[in-house]
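Enquirer: Got a structure for you, written out below as structure tokens; questions coming shortly.
The values are calculated or read from the model by the stated rules, or taken from the named source; none is laboratory data. Treat the numbers as computed from the prediction; the structure is a model and nothing was measured. No Cβ is skipped: glycine too gets one built from the backbone with ideal geometry, and neighbour counts run over all protein chains shown. Note: accessible area is taken over every heavy atom of the protein model, side chains too, but ligands, DNA and RNA are not part of it. Shrake-Rupley method; radii C 1.70, N 1.55, O 1.52, S 1.80 Å.
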Amino acid sequence: MLALCTAMVAFPAVAREGLPAKFMVDGTTLIYDTDNLLSVGKGDSSNDGGGEIGDEDIQAFQNILESNPAITRVQLNSGGGSVYAGSAIAELVEARALDTWVVGECVSACVDVFLAGQKRQMTLGSRIGFHQRDWSPKAVQSYYRLWRKDENWATPFEFGTWIYRDTQAEVFRHLKYMMRHGVDPVFAIETLKTAPEEVWYPTRLRLMAAGVLREKP
């Protein structure tokens, strides 16, 4: 009996071994925490893309789910990151009909992952935040230089026209995504009001009324 109890206590620590610093498996829960790297003391975590949701997390997330078929819930704590990665990870969560819950905070791209859950909950004291998406000047410049020949952008102004159209299409897709997952349309539109450098944290009651939090799929 003592050996069994010891094994049960040690399980979460064993479940960290071999995983990227942002991940841990605790029973049937996959913990995805980009703000407080979980592998403290393992050495240099610079290769884990610490601090935000990164494109490198997509394959890691998929591998962990495939190696742990008993997982039924994803625990989130993240200030956001790559929109592309957030969407791709959300697809993995949705495909496996997993539940999601927030322990800490979930902002920006993290919200996409959260909304993919069947049951969606957050602990007392946790927060879910929204703001407009952003594209840094450096990233815009790099994208233009990389694709201008393939896209036949003769000038940056033509690229600017493309950005304007693409942005509208992206906003539409994101609003549609939120509503498809049960979020009230008026609330979904309201999430666009906050500038990228700020965060809007609605109250728990507001999140429940808007369908962001839900006890049943």
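Enquirer: Would you kindly calculate the mean projected area, averaged across all directions, of the convex hull enclosing the Cα atoms of the chain, in square nanometres? Write down the numbers at each step before the final one.
Expert: Working: hull surface 58.0 nm².
Averaging across all directions leaves 14.5 nm² for the Cα convex hull.
Enquirer: Specify the inter-centroid distance of segment 165-196 and segment 90-132, based on alpha-carbon positions, in whole Å.
Expert: 16 Å
Enquirer: Sticking with this structure for a sec: Using just the helices of the chain, give the 222 nm mean residue ellipticity in deg cm²/dmol: DSSP H runs with n ≥ 4 each add -39,500 (n - 2.57), and the total is spread over all residues, rounded to 500. Working shown, then result.
Expert: Details: 8 runs with 92 residues, N = 217.
Roughly -13000 deg cm²/dmol at 222 nm, from the helical runs in the chain.
Enquirer: Mind checking segment 137-167 for trypsin sites (Lys or Arg not before Pro) that DSSP puts in a loop (not H, G, I, E or B) and that have at most 12 other Cβ atoms within 10 Å? Numbers along the way, then the final one.
Expert: On the way: sites: K138, R145, R148, K149, R165; in loops: R148, K149.
Those that pass, being in a loop and sparsely packed, are K149.
Enquirer: Further question on the same structure: What is the packing order of peptides 79-85, 166-172, taking the mean over residues of other C-beta atoms within 10 Å and listing the highest first?
Expert: Ranked from most to least packed, the peptides come out as 79-85, 166-172.
Enquirer: Under 15 Å from the Cα of K119, which aspartates and glutamates turn up, not counting those fewer than eight places away in the same chain?
Expert: Here the aspartates and glutamates satisfying the reach criterion relative to K119 are E94, D99, E215.
Enquirer: Restricting to Cα pairs below 8 Å that are 6+ residues apart, what does the relative contact order work out to for the chain? Please round to a whole percent.
Expert: On the way: 321 pairs, mean separation 32.2, N = 217.
That works out to 15 percent.
Enquirer: Mind listing the long-range amide H neighbours of V102? Cut-off is under 5 Å, sequence gap 5 or more, other chains count too, H placed in the peptide plane at 1.01 Å from N.
Expert: Correct list: L76, Q121, M122, T123.
Enquirer: State in Å² the accessible area per residue of segment 47-193; use a 1.4 Å probe, count heavy atoms of protein chains only, and round to the nearest integer.
Expert: So segment 47-193 comes to 55 Å² accessible per residue, rounded to a whole number.
Enquirer: Non-local amide H neighbours of D26 (under 5 Å, H modeled in plane, Pro and chain starts lacking H): which ones?
Expert: I31
Enquirer: Then there's this: Taking the mean number of other Cβ atoms within 10 Å as a proxy for protection, how do you rank 150-160, 107-117, 186-196, 86-96 from highest to lowest? Please report the intermediate quantities before stating the final value.
Expert: Working: 150-160: 11.6, 107-117: 24.7, 186-196: 14.2, 86-96: 18.7.
My ranking of the peptides, most packed first, is 107-117, 86-96, 186-196, 150-160.
Enquirer: How much of the accessible area of segment 65-206, probe 1.4 Å, is carbon plus sulfur, in whole percent? List each step's numbers first, then the result.
Expert: On the way: 4470 of 8060 Å².
Roughly 55 percent, rounded to a whole number.
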